[in-house]
1. So which pairs qualify, if the first residue must be in segment 44-65 and surrounded by fewer than 18 Cβ atoms within 10 Å (Cβ to Cβ), the second must be of a type in the set (Lys, Arg), the Cβ gap must be under 8 Å, and the two must be at least 6 apart or on different chains?
2. Between a residue in segment 248-271 that is farther than 30 Å from GLU123 by Cα and any residue that is assigned to a helix (DSSP H, G or I), which pairs come within a Cβ distance under 7 Å, given they are 6 or more apart or on different chains?
3. Between residues in segment 185-204 that are within 27 Å of ILE6 (Cα to Cα) and residues that are modelled with pLDDT under 95, which pairs lie under 6 Å by C-beta distance while being six or more apart or on different chains?
4. So, GLU82, is that one farther than 19 Å from THR249 by Cβ, free of Cβ contacts under 8 Å to residues at least 24 places away in the same chain, of a type in the set (Asp, Glu) and part of a loop (DSSP other than H, G, I, E, B) or not?
5. Is one or more of the residues making up segment 232-245 within 18 Å of the chain's Cα centre (by Cα) and over 30 Å from GLU82 (Cα atoms)?
6. Scan segment 149-156 and tell me whether some residue there is under 30 Å from ASN274 (Cβ atoms) and surrounded by 20 or more Cβ atoms within 10 Å (Cβ to Cβ).
7. Please go through segment 9-41 and pick out each residue that is small (Gly, Ala, Ser), modelled with pLDDT of 95 or more and not in a strand (DSSP E or B).
8. Filter segment 207-266 down to residues that are outside any loop (DSSP other than H, G, I, E, B) and polar (S, T, N, Q) and give me whichever is surrounded by the fewest Cβ atoms within 10 Å (Cβ to Cβ).
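The values are calculated or read from the model by the stated rules, or taken from the named source; none is laboratory data. The shown structure was predicted, so the numbers you read here are calculated from the model rather than taken from an experiment. Quick reminder, even Gly has a Cβ in these numbers, built from the backbone with ideal geometry, and neighbours come from all protein chains shown.
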Amino acid sequence: MIDLHIHSLYSDGTSTTSELVRMAMEKNMKMISLTDHDTVDGLLEMKKLCDENNIKFINGIELSTVYKGKEVHILGYFLNIEDKKLLDFSKEMKKARIIRNEKTIKMLNEQGIEITVEDTSREAEGEIVSKTHLAQALITKGYVSSVQEAFQKYLGVNGTAYVPKVELSPADGIKIIKDSGGLSFLAHPKLIGLNEEEFLKLIKDMKESGLDGLETYYSTFSGEDIKYYEKIAEEFSLIKSAGADFHGTNRIGIEIGDNWAPDGLYEIWDTLYNKMEKGK
């Protein structure tokens, strides 16, 4: 009934906003959020489509930040997408992504891999060219057989053509979201790769910076994972959220709504939705 972590063509997903809404209707979703990486570009059209189909929609985003060398993703909800700082940030991230892709392609060329900007653009159905599209181009050109292999060999942190993103701290990410009137949530905590002591320190620090919630229910979490993150959310007084992290064909086997959301979570978010929307 609820999915608060979905990606579209506006970042590294493969589905249009209309396709996402159609899938949400087929899955009987009552509330969804579009959380594309570092951009708010698809939110207006997604909201319009959801309004037309009686689905409650939350303006969202997923920000990439760095903590002790690890990527920490922060989900933002109930954003004011007319906020100048947020719009400026989104524009800057677009420019940074283009520069990063050009650097990656140059590094690949230097390793004897013949790939161009045009090759990667052909893999992207939307305006944004992500690392996933770079991986798809490497597959098309026959240099790797899978996205996973592309990241392991070339594009991932330990790859030979890895170019780091513009470094944003978790505190900075939370501030961007809060300044636009939104709520900040730590995304897929297990995927960060911290040990328990480091993770608890991260949560404590983020809570002090204004963290509002934790993605407690996630597509690839086990029952044991969920119990642990429920405990953490309660211990730190964080709102629980649920997300599939749907990317379309870029992430096979995960559909909208695949997030283990328990009975009763929708009601909690419906109350929050009414409160936040009324306050705007």
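1. Listed by first residue and then by second, the contacts come to SER64/LYS165.
2. Short answer, once both residue conditions are applied: TRP260/ILE226.
3. ILE192/LYS70; GLY193/LYS70; LEU202/TYR67
4. Spelling it out, GLU82 is indeed farther than 19 Å from THR249 by Cβ, free of Cβ contacts under 8 Å to residues at least 24 places away in the same chain, of a type in the set (Asp, Glu) and part of a loop (DSSP other than H, G, I, E, B).
5. Looking for residues that are within 18 Å of the chain's Cα centre (by Cα) and over 30 Å from GLU82 (Cα atoms), one finds none in segment 232-245, hence no.
6. Scanning segment 149-156, I find no residue that is under 30 Å from ASN274 (Cβ atoms) and surrounded by 20 or more Cβ atoms within 10 Å (Cβ to Cβ), so the answer is no.
7. Matches in segment 9-41: SER18, ALA24.
8. Going through the qualifying residues, I end up with THR249.
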